[in-house]
Amino acid sequence: MSMRNHGNDSRRANERRPPREGNRGNKAPRHQQIAWGKQITGRNATPEAILTLFEQSGYRFETRNSATVVHRVAKLGGKKSRRDPRLERLIDMCGRRIGDFEPQEIANSA
């Protein structure tokens, strides 16, 4: 086997790799991710509404939407939001998926 063929085999193996954890399973299609992003960042979004959306569909969020939920709840919420058990579940989920976050997503959720 020549080195050239070996290189091609290696590339094919990389193409067959399973997706990163953030992209596995029940991730929603792109158009749904965009719709959720608009709900999360919309003018009328409240911490309660954002956390409810997370509770209902967060397991299907891309990392970008998960980071945005953390950021928006932190920005809009008060002490009441900090005591919400859904926020703890959100932070736990983000912690499990931190390896899938882009640098900007990490900064937004810090």
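Please treat every number below as a calculation from the coordinates, not as lab data. Bear in mind the structure is a predicted one, so any value in this text is a computation, not a measurement. Every residue, glycine among them, receives a Cβ derived from its backbone with ideal geometry; neighbour counts consider all protein chains shown.
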Ordering of 63-73, 28-38 by burial proxy (mean other Cβ atoms within 10 Å per residue, highest first) = 63-73, 28-38
ask   = With each label point set 7 Å from Cα along the Cα-Cβ vector, what nm distance links residue 96 and residue 74?
value = 2.1
inquiry  = For region 24-82, compute the orientation-averaged projected area of the C-alpha convex hull (one quarter of its surface), in nm².
reply    = 3.8
message = Counting only other residues whose beta carbon sits under 15 Å from that of residue 36, what net charge do I get with K and R as +1, D and E as -1?
response = +3
